[in-house]
Amino acid sequence: MQKQRTTSQWRELDAAHHLHPFTDTASLNQAGARVMTRGEGVYLWDSEGNKIIDGMAGLWCVNVGYGRKDFAEAARRQMEELPFYNTFFKTTHPAVVELSSLLAEVTPAGFDRVFYTNSGSESVDTMIRMVRRYWDVQGKPEKKTLIGRWNGYHGSTIGGASLGGMKYMHEQGDLPIPGMAHIEQPWWYKHGKDMTPDEFGVVAARWLEEKILEIGADKVAAFVGEPIQGAGGVIVPPATYWPEIERICRKYDVLLVADEVICGFGRTGEWFGHQHFGFQPDLFTAAKGLSSGYLPIGAVFVGKRVAEGLIAGGDFNHGFTYSGHPVCAAVAHANVAALRDEGIVQRVKDDIGPYMQKRWRETFSRFEHVDDVRGVGMVQAFTLVKNKAKRELFPDFGEIGTLCRDIFFRNNLIMRACGDHIVSAPPLVMTRAEVDEMLAVAERCLEEFEQTLKARGLA
Ligand SMILES: *Cc1c(COP(=O)(O)O)cnc(C)c1O
């Protein structure tokens, strides 16, 4: 059982024994971690009793919101019945069968087969191995390079971090591994010069064509991108981007992979982000919203072409002890059923998504140092900029973002800073009143932020 301790005891023990992900441990330990103790709907509570609005759905994942007792019940039933069995050696179990057939119903036509992992990173690594295996089976062993994008995020494992374009991750541990290439991201605000966003979308997609020609189409296995870059700062590509990417992939026979770890399971108002942008990937990866974060589970959805290729190849020597874990599968099933049967995804498209997008733009557009106010469905962002008229960013990208994020955090609102992009992706079940409440707090925080900038002579 968990012991009841004081906040300072938790902080001390945490500082002594727990290494946090993506954290400067020394500075965290000096400040002390905030201790989260409870969640309900779109709210969290910390150990000091503060009620916090979770504008990030945990880490882009708690799509159905906190506190689903029926998920706890599904987990309990499955634990009592069959807490674990593997699916490696000619066995399966009802929980994984039920989840797989439900997923075949909610995914677009042609995606009838799914491979399970425990996380988004493992889904990406699995996808890398599948793509390379596919080309081997096709008798094209030279076709192995994967192309990702600078500032794309595909997880933290060696494969995922290599495919991703986070330079500060590559700097640690000699990444990327061989066989990975990157093109620039479709970020109009920074790279669009005097083009319209639609003109820029085509130009940015053609960077892929240039890269394919540079490497040689016979050596390129796949292009991988998030429909909307999440951790990179909610970079929403122009509408012209993905159709052109798709055309280029088809022309050079390069597999097209969507990393749907954030965009999947309703975030954009469609089930998957590629449906929002109107393109058809050959494979797509998922995790986060698949279980709304209640338990760890990820998946690779494999389209007909690649599935048939892999099956023709016989043994695929890859898998995780917990691939298709029964308890995770049971909870994911409850979650996907809730997203569908309670109309949660549909409501993002028809009601709360458009409301959020309208109110988000109304709230932030007026600020002097806020620009590129953007978003789709229930994922949105803006960028903190030095000069709106000149489309000029702050010099030390990220410093100002952190300053702003910390003001939100002190005011019991969680939004994230990705560089100087302020991003938000709350639970999809957020009500209109809760959107209004969140934005009222955020507006006051932005006022405080702009005053702080002036007071410190930063703007
Ligand atoms: C979060 C994320 C991942 C990694 O998922 P983990 O579960 O943290 O391993 C991969 N791709 C994208 C697009 C993500 O947002």
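What the table shows:
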item: Relative contact order [Cα under 8 Å, 6+ residues apart], region 68-340, whole percent; result: 29
item: Spin-label proximity, residue 436 to region 330-361 - amide N less than 19 Å from point 7 Å beyond Cα toward beta carbon; result: 351-361
item: Trypsin sites (Lys or Arg not before Pro) within region 177-242: DSSP coil, no more than 13 neighbouring Cβ in 10 Å; result: 193
item: Loop-resident sites, region 359-459, for trypsin sites (Lys or Arg not before Pro), counting at most 12 other Cβ within 10 Å (DSSP); result: 366, 390, 456
item: Label zone at residue 98, where the point sits 7 Å out along the Cα-to-Cβ direction: region 49-82 residues whose backbone N lies under 12 Å; result: 71, 73-79, 81-82
item: Cα pair distances exceeding 14 angstrom across region 53-128, given as percent; result: 76
item: Size of region 322-459 as Cα extents on the principal axes (Å, biggest first); result: 55, 34, 27
item: Lys, Arg +1 and Asp, Glu -1 on Cβ, resulting dipole of region 68-340 about Cα centre, debye, nearest 20; result: 180
item: Pairwise label distance in nanometres, residue 70 with residue 31, each label 7 Å out on the Cα-Cβ vector; result: 3.9
item: Dipole magnitude (debye, nearest 20) for the chain, charges at Cβ of Lys, Arg, Asp, Glu; result: 80
item: Under the Debye formula (equal points on every Cα, no solvent term), log10 I(q)/I(0) of the chain at q = 0.06, 0.13 Å⁻¹; result: -0.26, -1.29
item: Relative contact order for the chain, counting Cα pairs under 8 Å that sit 6 or more residues apart, in percent; result: 20
item: Peptide ranges 40-48, 4-12 listed from the most packed, as the mean C-beta count within 10 angstrom indicates; result: 40-48, 4-12
item: Fraction in percent of alpha-carbon pairs per bin - 5 Å, region 3-146; result: 2, 7, 9, 11, 15, 15, 13, 11, 9, 6, 2, 1, 0
item: Protection-proxy order for peptides 241-249, 260-268, each taking the mean of Cβ atoms within 10 Å per residue, highest first; result: 260-268, 241-249
item: Of all DSSP beta bridges in region 68-340, antiparallel share, percent nearest 5; result: 40
item: Spin-label model distance (nm) - residue 184 vs residue 219, 7 Å beyond Cα toward Cβ; result: 2.3
item: Residue-span extension gain [residue 391 to residue 195] - 0.36 nm each, minus C-alpha spacing; result: 69.2 nm
item: Förster radius 51 Å - calculated FRET efficiency between residue 402 and residue 342 (Cβ-Cβ, nearest 0.05); result: 0.90
item: Hypothetical label at residue 5: residues of region 46-77 whose amide nitrogen lies under 17 Å (7 Å Cα-Cβ projection); result: 46-49
item: Alpha-carbon spread of region 68-340, three principal axes, descending order, Å; result: 60, 40, 39
item: Dipole moment magnitude, nearest 20 debye, region 263-415 about Cα centre, only Lys, Arg, Asp, Glu C-beta charged; result: 420
item: P(r) tail fraction, region 92-141 - alpha-carbon pairs more than 12 Å apart, %; result: 71
item: Neighbourhood net charge (9 Å Cβ-Cβ; Lys/Arg +1, Asp/Glu -1) for residue 391; result: 0
item: Charge context of residue 366, other residues only, Cβ under 12 angstrom, K/R +1, D/E -1; result: -4
item: Among beta bridges that DSSP assigns inside the chain, antiparallel share in %, nearest 5; result: 65
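All of the numbers you see were taken from the coordinates with simple rules; none came from a lab. Note that the coordinates shown come from a computational prediction; the quantities given were computed from them, not determined experimentally. Neighbour counts are summed over all protein chains in view; Cβ atoms, including those assigned to glycine, are modelled from backbone coordinates with ideal geometry.
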